C-alpha cells in the first residue's frame, strides 16, 4: 500500500464528535489521508449546543503545529476554529512564512446551534492577516457576511458578489456555501466558487434532514484532503460537495442526541463510487 498524504487540521475539539477536529480527522481517514492535528480549544459540546470553551494556550498550539510540520510534512492544512485574535495572528505568521501548504481556511465564527466561537477582533485578523495566504476559503453565507461587514446574501448574484469581494483579500479561491434558492420544484442549495478562472455556481436539491451538525467542518476538511491528494481547487470543491451531500443523505434517518445530529462520517468511503448526478456546476462565467 502506498504511503498516504498527510493533512493537518488546526481547530477546536468537539466533545460530541460532530464537528471540529473529530469531524476533520474522520473525514481525512475516509478519504485515505493521514490526519494530524493541533487543538486550539476544548469545547464542552453536544448536539444541543456549545456549553463551554477552554482555549489552549497560543504557545501550545504553535508547538503542536511546529511538531507536525517538522516531522510529517503535510500536503495540505485546514484551519477551523481559532477563537482569539492573538491565535489568528500567530497562525497567520506561520502561513505568511509559506509553511502551511494548500491552506484551507474555514472561518468558524458561530456554531450550528448559534453559539459564538470567536472573540472580538477575530474577524478583522482573519480577513486581513490569514486570508491573504489561503489556497481556499470556505465561509457559509453568514460567515461571508461577517467577514465583509454586511448582511448575508439573499440571492445567487449576491452570493457570487460576496465570494468575489472576499477573493480580493488575496486568497487563491473562495467558495461561499449554504445559499438557498426557491424554485417551482422545491428548494435548492447553492455554493459559489470564485477563483482566477471565474465564478462557478453549484446547485443541488436540498436534502431534508435535521442532522447537519459539522457540515462546514466536513466540507472544508474534505476539500483539504482532496487538495492533499493532488486535485485541482475546482475538483476538490466539487468532490467535497459530493461527500457532504452523501453524508447528509446517510445520516438523515439517524437518531443521535436530542439536538441537531451529526452528519455521517462513518460511511462516507463509498460516496465516490456512487456519485450524485446533481452535484455538478450549474453555470460558469467571468470573474465577478
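The values are calculated or read from the model by the stated rules, or taken from the named source; none is laboratory data. Because the structure is predicted, anything quoted here is derived from the model rather than measured. Here the Cβ is made from the backbone with ideal geometry for all residues, glycine too, and neighbour counts use every protein chain on show.
If residue 211 satisfies all but one of (1) crowded, with 21+ Cβ neighbours inside 10 Å; (2) modelled with pLDDT under 95; (3) outside any loop (DSSP other than H, G, I, E, B), what's the number of the condition it fails?
(3)
Go through 74, 107, 57, 5 for me and flag whichever is surrounded by fewer than 23 Cβ atoms within 10 Å (Cβ to Cβ) and under 22 Å from residue 232 (Cα atoms).
On the way: 74 fails: surrounded by fewer than 23 Cβ atoms within 10 Å (Cβ to Cβ); 107 fails: surrounded by fewer than 23 Cβ atoms within 10 Å (Cβ to Cβ); 57 fails: under 22 Å from residue 232 (Cα atoms).
Of 74, 107, 57, 5, the one residue that is surrounded by fewer than 23 Cβ atoms within 10 Å (Cβ to Cβ) and under 22 Å from residue 232 (Cα atoms) is 5.
Have a look at 247, 236, 225, 194 and point out the one that is within 19 Å of the chain's Cα centre (by Cα), modelled with pLDDT of 90 or more, closer than 22 Å to residue 144 by Cα and in a helix (DSSP H, G or I).
On the way: 247 fails: closer than 22 Å to residue 144 by Cα; 225 fails: closer than 22 Å to residue 144 by Cα; 194 fails: in a helix (DSSP H, G or I).
Among 247, 236, 225, 194, only 236 is within 19 Å of the chain's Cα centre (by Cα), modelled with pLDDT of 90 or more, closer than 22 Å to residue 144 by Cα and in a helix (DSSP H, G or I).
Can you confirm whether residue 181 is touching a strand residue (DSSP E or B) at 6+ places or on another chain (Cβ under 7 Å) and either part of a helix (DSSP H, G or I) or in contact (Cβ under 8 Å) with a residue 40 or more places away in the chain (or both)?
no
What number goes with the only condition from (1) buried (at least 19 other Cβ atoms within 10 Å of the Cβ); (2) assigned to a helix (DSSP H, G or I); (3) modelled with pLDDT of 95 or more; (4) under 17 Å from the mean Cα position of the chain (by Cα) that residue 127 does not pass?
(3)
I'm trying to understand the selection: among the residues of the stretch 147-162, which are part of a helix (DSSP H, G or I) and over 19 Å from residue 215 (Cα atoms)? Quick ask: steps written out before the conclusion?
Taking the stretch 147-162 as the starting set, the residues that turn out to be part of a helix (DSSP H, G or I) are 147-148, 156-162.
Scanning the stretch 147-162 gives 147, 148, 156, 157, 158, 160, 161, 162.
Which of the strands (runs of 3 or more DSSP E) found entirely inside the stretch 1-96 contain at least 3 residues meeting this: touching a strand residue (DSSP E or B) at 6+ places or on another chain (Cβ under 9 Å) and within 24 Å of residue 135 (Cβ to Cβ)?
The qualifying strands (runs of 3 or more DSSP E) are 6-14, 34-46, 76-79.
Among the candidates 173, 220, single out the residue that is more than 25 Å from residue 251 (Cα to Cα) and surrounded by 19 or more Cβ atoms within 10 Å (Cβ to Cβ).
173
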